[in-house]
Every structure is written in structure tokens, then in C-alpha cells.
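The values are calculated or read from the model by the stated rules, or taken from the named source; none is laboratory data. Every value quoted in this text rests on a predicted model; they were computed, and no experiment measured them. Neighbour counts run over all protein chains shown; Cβ positions are idealised from the backbone, glycine included.
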Amino acid sequence: MKNFYGYMRVSSLDQNVERQRTELLRWGIIEKNLFLDKLSGKDFNRPQYQKLKRKLKEGDVLVVKSIDRLGRNYDDIQVEWREIVKSKKADIVILDMPILDTRTNKDLIGTLISDIVLQLLSYVAQAERENIRQRQAEGIAIAKAQGKHLGRFSTPIPEKFYPIYKKWTQHLYTLKTASHELGVTVSQFRTMIKKYEKSISDKEKIEH
């Protein structure tokens, strides 16, 4: 029997996945057949994607909202696409680009057009990833110029952290907003959260 699977991906823990989920559910994917990775799209070494791919068999359909949710590496997207469509003989549907629906356009001209569009979109996805990398590098350079700390925090957590952390736990701040308010990166703010929460846990163990 043909199965329909939906794949979702966001790059970080605090990104919202609901737009992708809503589109896939509306298309007709059932909840238990939705797979989500909260990882970068730089490669396909993602646990939920690999789990989903192992489930795919001939005649099944993989549905993704947009090509960049599948991945952002030009060469890898091409390889994965061919493996699913040619080797596994499953189909792929990209919701934001109806021409990338392997259930249709099975004739030679249709396949050629789909291949060209896929190559173009894969290139755009990788170009955007490289642009993000460039913007991150520029952001780091600006932060360093402004004297912001960019390394790991081995020193005590700054006092300013605690009221910001409280607002984050009350869902008044997102990770991004809290990090910006403190003048650190999201990764550094997470490190401080872990350090602070571990100190509380250790203290509770000692008291008991």
C-alpha cells in the first residue's frame, strides 16, 4: 500500500516549524508520518531524515514544503533526489514548486524540465546557505569590533543574565531576543542556561 510521508526541517531549536506542519497536514499527511529535524541543511546526516528514508519503498510519496527544507547542499540534493526517485522508486512532491512533483511529468520532456528546475533550485538553496555563512562571519567581525565576548564562558555568569533568563523562562523573550539583550550569541546564551541550571541542580542535591 502506498504511504505518504512529510519531512520538516528547521536550523535551530527556537525556530518555528508550525508553518511547515500546517501545510503538510493540510495536504493530507497524517501526524504519525511527519518527520522533523532541528538541524542545519548543510548535509543529509540527520536522524529523522535518515529514519524516514529507510521507510520509503516503491510507490511511496515524500512531501516537503520547499526544496531548502530538504537540504541546502547542491550536490547532495541531486544525489538524494536520484536515490529516492530512481533507486527506491518512490516519488517526491515539493509543495512550493508544483513542477517538482515526480508523480506527474513522467514523459521525457517533463522529466527534462523537472531536472533543470531541480538543479536551479538546488543551486539557489546552496547559494543562500553560503550567504548565511557570509553574514554570520560579518556579524562576528562586527561583534568583535564592538568588544563583545564570542568565546565560551568559563568566567562567572554576568548579573545581567538572571533577569533576562527569567523573562525567557516566562516566554516573554525568545532565545534570539534574550541573546541580543545580553549581547551574546544564541549558542553562548544556551551555554549559560546549562551552566546556571546545572548549578541549581547541584545545589538541590547537596541540600537533600
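Observations on the structure shown:
- All conditions in (1) buried (at least 19 other Cβ atoms within 10 Å of the Cβ); (2) in contact with a Phe, Trp or Tyr (Cβ under 7 Å, 6 or more places away or on another chain); (3) not basic (Lys, Arg) hold for residue 48, with the sole exception of (1).
- Looking only at residues of the stretch 44-80 that are more than 18 Å from residue 95 (Cα to Cα) and among the aromatic types (Phe, Trp, Tyr), we find that the one that is modelled with the lowest pLDDT is 74.
- Only residues that are in a loop (DSSP other than H, G, I, E, B) and surrounded by fewer than 18 Cβ atoms within 10 Å (Cβ to Cβ) were counted across the stretch 20-38, and they come to 2.
- Selection status of residue 128, under 30 Å from residue 99 (Cβ atoms) and modelled with pLDDT of 65 or more: yes
- Within the stretch 1-19, being surrounded by 15 or more Cβ atoms within 10 Å (Cβ to Cβ) and more than 11 Å from the chain's Cα centre (by Cα) holds for 3, 4, 5, 6.
- For the stretch 1-43, the tally of residues that are under 20 Å from residue 91 (Cβ atoms) and modelled with pLDDT of 90 or more stands at 21.
- Candidates 189, 161, filtered to the one that is surrounded by 14 or more Cβ atoms within 10 Å (Cβ to Cβ), at pLDDT 85 or above and over 26 Å from the mean Cα position of the chain (by Cα): 161
- Scanning the stretch 171-185 for residues that are surrounded by 17 or more Cβ atoms within 10 Å (Cβ to Cβ) and either in a helix (DSSP H, G or I) or in contact with a helix residue (DSSP H, G or I) (Cβ under 7 Å, 6 or more places away or on another chain) (or both) yields a total of 6.
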